[in-house]
Amino acid sequence: MLTGLEASKTWPDWGSDIHDGKLWNLNNYRTDMIQALGGVEGILEHTLCKGLQRIFQRGKELTNAQRSGLNQIPNRHFTSWWSPTIDRANVYVDFQVQLNFTGIFMHGKIPTLKISLIQIFRVHLWLKIRESVVLDLCQVFDQELDALEVETVQKETIHRRKSYKMNSSCADILLFAAYKWNTSKPSLLADSKDVIDNTTSEKYWIGVQLRRGDYDSHDVVCYARAKFLTYTTDKMSVNPSATGVMIGIDLAYN
């Protein structure tokens, strides 16, 4: 049996701060955890709050039933609300399934979330959202023909599978120049130093891609850049010209 002095001398030999951890005061546990996770805004960023934010902001335009339904989403649809945080590629490794008629990839076997997503995107809602974005873009270009020096705006006829086929793509809109456009090397929307050479083009295509990001992968700018480079270099994609733009929309984070 060790005496107190002997025990105090031998304790460091069979104890380690790295292995055993440290004792923390739990009085401020709730505050410390919220701060460590990025505050309330940082936590809500990885829920459906960002995707539904504009609907919440409509205020008086909503009926009482709609407002009541939205308020119940975080509790009654807990898995769906937290799905960007729960269903992640870095958590569920080597498991990925694409939901039918959508561009959503599930990384975990979560039946309740799968049922919720199927109900949300039933009757080809994914396709309809993408088509509505394309039509809105066509209307905007029609209104800005002179400013953009566009002669004709042509909406391409595409197969409906284009909305959720992710290994190849084709143009949704084709713009014909009234004269000729000077073109630059591929760049991001926020880039301020475009490298414009002597190359010109009379055609300019526009592609629209929908996605649903998660906690680990929600940078839609990098996603659009990767898709643009892929679809302009592979042999399966069909683009009417060498110059164009890829527009990416994240339904969970945009």
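The values are calculated or read from the model by the stated rules, or taken from the named source; none is laboratory data. This is a predicted model, so every value here is computed, not measured. A quick note on method: Cβ atoms are made from the backbone with ideal geometry, for glycine too, and the neighbour counts reach across all protein chains shown.
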So residue 167, is it modelled with pLDDT under 90, over 16 Å from residue 244 (Cβ atoms) and not aromatic (Phe, Trp, Tyr):
yes
Name every residue in region 114-143 that is surrounded by 14 or more Cβ atoms within 10 Å (Cβ to Cβ), of a type in the set (D, E, K, R) and assigned by TED's automatic domain parsing to the domain that holds residue 162, in order of residue number.
130, 131
Scanning region 173-213 residue by residue, the ones that are part of a loop (DSSP other than H, G, I, E, B) and touching a Phe, Trp or Tyr at 6+ places or on another chain (Cβ under 9 Å) total 3
If you check 53, 57, 72, 66, which single one turns out to be farther than 22 Å from residue 246 by Cβ, under 19 Å from the mean Cα position of the chain (by Cα) and at pLDDT below 80?
53
Exactly one condition in (1) touching a residue at least 24 places away in the same chain (Cβ under 8 Å); (2) not aromatic (Phe, Trp, Tyr); (3) not assigned by TED's automatic domain parsing to the domain that holds residue 209 is false for residue 111; which is it?
(1)
Yes or no: residue 105 aromatic (Phe, Trp, Tyr), within 21 Å of residue 45 (Cβ to Cβ) and touching a strand residue (DSSP E or B) at 6+ places or on another chain (Cβ under 6 Å)?
yes
Filtering region 75-110 down to residues that are modelled with pLDDT of 80 or more, among the aromatic types (Phe, Trp, Tyr) and part of a loop (DSSP other than H, G, I, E, B), which residue is nearest to residue 214 (Cα to Cα)?
82
Looking at region 215-228, is at least one residue over 30 Å from residue 46 (Cβ atoms), crowded, with 16+ Cβ neighbours inside 10 Å, without any contact (Cβ under 8 Å) to a residue 60 or more places away in the chain and touching a Gly at 6+ places or on another chain (Cβ under 6 Å)?
no
